[in-house]
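Colleague: The structure follows.
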Amino acid sequence: MGKELQLFLKGLEGKTTIIRIDEDASIAQLRRMIHEKTLISLEEMRVLYCSKELRDTDENRKEQFLSDYRIQDEGNLVLVLRLRGGSDQQGQTNGTDTGTVEIVDSDTVETTEDLSPPLKVLGPDVELTSEPDMITFDDDKDGLRAKMPCGHAIGPESLTAYCRSLLTSGKYEFRCPHMDPSYCGRIWEFYTVNKLAVLTKQERKEFETQIAMNFLRKAVGIQECPRCQSYCERMDRKDVRVVCPVCSRKPGGRFEFCWFCLRKWSTSGTAECGNLNCSGEDPRKKILRECPEKKVVEVSCPSVRACPKCGLMIEHREACKQMECLCGQKFCFICLKMADERGQYTCGAWNFKCVKAPVQTQLP
């Protein structure tokens, strides 16, 4: 047995669930613990840390643990309900007790951290460099900067400010902005940012939560249940009429609402909710329709596309036209043709111009 971790799980009824669990616990044990205390079935939950979904096993069916996601004490997780389109809520499971769960109001979760900005001091195991800070151009020899995994230099204060600005603008990835002689764009993992920005507990809470929320809102397209304010997504993206498992267990019985207008369903059908002024449009379509265009391999095309296999929203940043979705599907951002089972593209190499597909109007 390792030491006990205290984790904060957000997203259920606007509250924070405090989970106390052994640091050596598996993801399956964590998810079972959440199920046993919240009664949300394993099939109806997604648990995320930053922009990564916590999965019981990896792509090679190897069991995953908290340590595989570098989850630290007082880490912040997000729970998303996966809503069924009118089917019954069931799900029973058994497991070994690896900790405890406590549900409290979000406002009661306090931090003992000093609110005054602390001096950020890099640890002794950080590789330092005399190269100037890529953001502020500071080159003070008495205050060496951290060398990022891509080799570029930045100080902890400017790294914190830069990453916070990305989160404020809705981004969920941290990419190196170095431009000399060309754009770097290498992704910095949150574990690296946390260490080299010397984030405080409060800053880590802010960053972990905002990364997850930006990812969920922009890429996945989550909603909030209009009654309990739990974060939600649909199991089947074709469903318009959905059932909240949390509200349906409360007095009043089964609660169904319209995914588009977020009001209680008022008809007997499954296509039209009967509510006045409901657009009946998937909110992802509006994003695809209204996003600006950009140049990708010298071809002007929409800056946001939906994965042609799963519908996940993907924004193009720099360089290559070849994309790989979180679902594992590879496709061309310009023509939207999917790679074959060997990962080969029919539209040419990563820097080859191809025919632009129009704005997507149909989604998987």
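Where a number appears in this text, it was derived from the coordinates with a stated rule and is not lab data. All values reported here derive from a predicted model rather than from experimental measurement. With ideal geometry, Cβ positions are generated from the backbone for all residues, glycine too; neighbour counts draw on all protein chains shown.
Colleague: Relative contact order for the chain: what percent, with Cα pairs under 8 Å and sequence separation of 6 or more? If you can, show how the numbers build up before the last one.
Modeller: Working: 632 pairs, mean separation 48.8, N = 364.
After rounding, I find 13 percent.
Colleague: Same structure again: Suppose only helical runs count, i.e. DSSP H with n ≥ 4. What mean residue ellipticity at 222 nm does that imply for the chain under -39500 (n - 2.57) per run, divided by all residues and rounded to the nearest 500 deg cm²/dmol? Provide the component values of the computation, followed by the final result.
Modeller: On the way: 5 runs with 55 residues, N = 364.
Computed ellipticity for the chain at 222 nm equals -4500 deg cm²/dmol.
Colleague: For the chain, set up a Gaussian network in which alpha carbons nearer than 10 Å are linked by springs, and say which option among F207, F333, F260 fluctuates the most.
Modeller: F260
Colleague: Fewest to most neighbouring Cβ within 10 Å: what's the order for T361, T160?
Modeller: On the way: T361 8, T160 21.
Fewest-to-most Cβ neighbours within 10 Å comes out as T361, T160.
Colleague: List every residue whose amide H lies under 5 Å from the amide H of V242, counting only residues 5 or more places away in sequence or on a different chain, with H placed 1.01 Å from N in the peptide plane.
Modeller: Sorted by chain and number, the residues that satisfy this are F257, W259.
Colleague: Another question, if that's okay. For L83, which sequence-distant residues (separation of 5 or more, or a different chain) have an amide H within less than 5 Å of its own amide H, given hydrogens modelled in the peptide plane?
Modeller: Amide H neighbours of L83, under 5 Å, 5+ apart: E233, R234, M235.
Colleague: Of Q29, G155, V240, which is farthest along the charge dipole of the chain in the positive direction, counting Lys and Arg as +1 and Asp and Glu as -1 at C-beta?
Modeller: Of Q29, G155, V240, it is V240.
Colleague: Next up: Can you list the HN-Hα couplings for region 120-125, worked out from phi with the Karplus curve (6.51, -1.76, 1.60; θ = phi - 60°), rounded to whole Hz and with x for Gly and Pro?
Modeller: Karplus-based 3J(HN,Hα) across region 120-125 equals 8, 10, 5, x, x, 8 Hz.
Colleague: Please go through the residue pairs K147/K201; K238/K330; K171/K330; K171/K295 and name each one whose alpha carbons sit more than 26 Å apart in this structure.
Modeller: Details: K147/K201 23 Å; K238/K330 22 Å; K171/K330 22 Å; K171/K295 19 Å.
From the list (K147/K201; K238/K330; K171/K330; K171/K295), the Cα-Cα distance tops 26 Å for no pair.
Colleague: Which value, in debye to the nearest 20, gives the size of the charge dipole of the chain about its Cα centre, when Lys and Arg are +1 and Asp and Glu are -1 at the Cβ?
Modeller: Details: 54 positive and 55 negative charges, 377 e Å.
About 1820 debye.
Colleague: How would you rank D282, D73, D125, going from fewest to most other Cβ atoms within 10 Å of each one's own Cβ?
Modeller: By the 10 Å Cβ count, ascending: D125, D73, D282.
Colleague: Please name which of I287, C273, A319 has its Cα lying farthest along the dipole of the chain towards the positive end, using unit charges on Cβ (Lys, Arg +1; Asp, Glu -1) and the Cα centre as origin.
Modeller: C273
Colleague: Testing the spin-label approximation: label points 7 Å from Cα along Cα→Cβ at E127 and D236. State their distance in nm.
Modeller: Label-label distance for E127 and D236, simple model: 5.1 nm.
Colleague: Given N residues in region 277-354, what is Rg(Cα) / (2.2 N^0.38 Å)?
Modeller: On the way: Rg = 13.3 Å, N = 78, 2.2 N^0.38 = 11.5 Å.
Dividing the Cα Rg of region 277-354 by 2.2 N^0.38 Å gives 1.15.
Colleague: For a footprinting-style exposure proxy, rank S266, S230 by other Cβ within 10 Å, fewest first.
Modeller: The most exposed by this proxy come first: S266, S230.
Colleague: Related question: Placing +1 at every Lys and Arg Cβ and -1 at every Asp and Glu Cβ, with all other atoms neutral, what dipole size does region 128-197 have around its Cα centre, in debye to the nearest 20? Spell out each step's value before the answer.
Modeller: Numbers: 8 positive and 10 negative charges, 69 e Å.
Here region 128-197 has a charge dipole of around 320 debye.
Colleague: Suppose each label sits 7 Å from its Cα in the direction of the beta carbon; what would the F260-E43 distance come out to in nanometres?
Modeller: About 2.7 nm, to one decimal.
Colleague: Which three semi-axes in whole Å describe the equivalent ellipsoid of the chain, each the square root of 5 times a Cα gyration tensor eigenvalue, listed largest first?
Modeller: Working: eigenvalues 245, 187, 71 Å².
With the √(5λ) rule applied to the chain, the semi-axes are 35, 31, 19 Å.
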